[in-house]
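Visitor: Questions regarding the structure given below will be posed in turn.
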Amino acid sequence: MALPLSYNLRSLRVRWQATLFSIVGVALAALVLVVLTAMASGFRIALRSTGRTDNAIALESGMGSELMSDISIASAAAIVVDPRVTRGPDGHALASAEILSLISLSRANEHAQVNVAVRGVTPQAFEVRGGLRVIEGRRFTPGLSEVIVGARARERFGLGVGSRLTIRKSAWQVVGVFASEGNGFESEIRGDLHTLAEPLRRTRSYQAVVLRLADPGSLTALTSALEADPRLKVKVVQERKFYDDQAGGVVRALTGLALFVAVIMGLGAVLAAMNTMYAIVASRTREVGTLRALGLTSATYGANYSELAFAFRTTPAALAVGLVFAALVGILGGLLPALRAARLPIAAALREA
């Protein structure tokens, strides 16, 4: 095996431009696939870690998102008295009625405006939702125009403690930054439910009611009871499942985009690799004939494709997808030229000048 190995290594040195061109083509195609797959995975993980499995969330019947939901204050009061809802030490239901709206903010050092979720909650929401902790500053004071921002929102919009922002033409002060185990809540801004109700125009209803279940196994019974009550007009879902479902559409879109772009770029990389390999075979007909006469085999580009490992901090699945894709592009790009070389008549090849 010494001859094929040394022969391949010398070939790489002599034709490094063609080799580099093929590597770059495959690398770009695989890079796009890995980045978009990692983006989809990150989005899925962020939302799938949002919410608790022992919480239920009640939304308006027929609505698939909190933003579009509308639950009357009377309905919310009837929901929280269900006996399957956990009671706190003070005897009150461990429940969180919440309002939600969107505002536009500019990203730090940019002029682009993006939508940011503003959630109005009561102090009890910290206990009901779970996993939320203030990492800088303090919690907002009920009744005052104060908000706290998620760790990711602080980074994206430069909203540190002491910052001021405008919510529906009224001024609010940032008094704290909170973390939430890296989930989707960290992209939100939160303030007092009753103080935010007026500027957000949510004075007569809530968008969602989150309930802590005394027994997670009672979710089916709770769902049946609340959804069967015609006065409430609500649907009830496990909180973790609700946010899982929210991630589904975006993840599928990103995955589809990743596959589409990767296939297009992959076809270009395969054609480029095939063109390069055909040119190499045509220019080295005599060498191919000599090697075939000696009864040897080789895999010119096999070792190179194993180097296409991208140094991204991503999920093992996304990295595996990129590696498999790069290997397939390499195999497809070299297969037909290799077959042509293998089928060259030995006598004719040796007579080639």
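The values are calculated or read from the model by the stated rules, or taken from the named source; none is laboratory data. Everything numeric in this text was worked out from a predicted model, so none of it was measured. So basically every Cβ, Gly included, is an ideal-geometry build from the backbone, and we count neighbours across all protein chains shown.
Visitor: Residue check: is Glu146 crowded, with 17+ Cβ neighbours inside 10 Å and among the acidic types (Asp, Glu)?
Guide: It is true that Glu146 is crowded, with 17+ Cβ neighbours inside 10 Å and among the acidic types (Asp, Glu).
Visitor: So which of Leu159, Leu196, Leu200, Leu226 ends up being outside the structural domain of Met63 (by TED's automatic domain parsing) and either buried (at least 21 other Cβ atoms within 10 Å of the Cβ) or over 23 Å from Gly64 (Cα atoms) (or both)?
Guide: After applying the criteria, what remains is Leu226.
Visitor: Output yes when any residue across region 231-243 is free of Cβ contacts under 8 Å to residues at least 60 places away in the same chain, assigned to a loop (DSSP other than H, G, I, E, B), surrounded by fewer than 21 Cβ atoms within 10 Å (Cβ to Cβ) and not small (Gly, Ala, Ser), and no when none is.
Guide: Checked against the condition, which is being free of Cβ contacts under 8 Å to residues at least 60 places away in the same chain, assigned to a loop (DSSP other than H, G, I, E, B), surrounded by fewer than 21 Cβ atoms within 10 Å (Cβ to Cβ) and not small (Gly, Ala, Ser), region 231-243 yields no hits at all.
Visitor: Okay, moving on. Taking Pro89 as the residue in question, decide whether it is assigned to a loop (DSSP other than H, G, I, E, B), surrounded by 13 or more Cβ atoms within 10 Å (Cβ to Cβ), without any contact (Cβ under 8 Å) to a residue 24 or more places away in the chain and more than 22 Å from the chain's Cα centre (by Cα).
Guide: For Pro89, the condition - assigned to a loop (DSSP other than H, G, I, E, B), surrounded by 13 or more Cβ atoms within 10 Å (Cβ to Cβ), without any contact (Cβ under 8 Å) to a residue 24 or more places away in the chain and more than 22 Å from the chain's Cα centre (by Cα) - is not met.
Visitor: Does Gln246 satisfy the condition of being part of a helix (DSSP H, G or I) and either assigned by TED's automatic domain parsing to the domain that holds Gly130 or closer than 23 Å to Met63 by Cα (or both)?
Guide: Against the criterion (part of a helix (DSSP H, G or I) and either assigned by TED's automatic domain parsing to the domain that holds Gly130 or closer than 23 Å to Met63 by Cα (or both)), Gln246 qualifies.
Visitor: Could you check region 203-223 and list, in sequence order, the residues that are more than 32 Å from the chain's Cα centre (by Cα) and surrounded by 20 or more Cβ atoms within 10 Å (Cβ to Cβ)?
Guide: If the condition is that a residue be more than 32 Å from the chain's Cα centre (by Cα) and surrounded by 20 or more Cβ atoms within 10 Å (Cβ to Cβ), then no residue fits.
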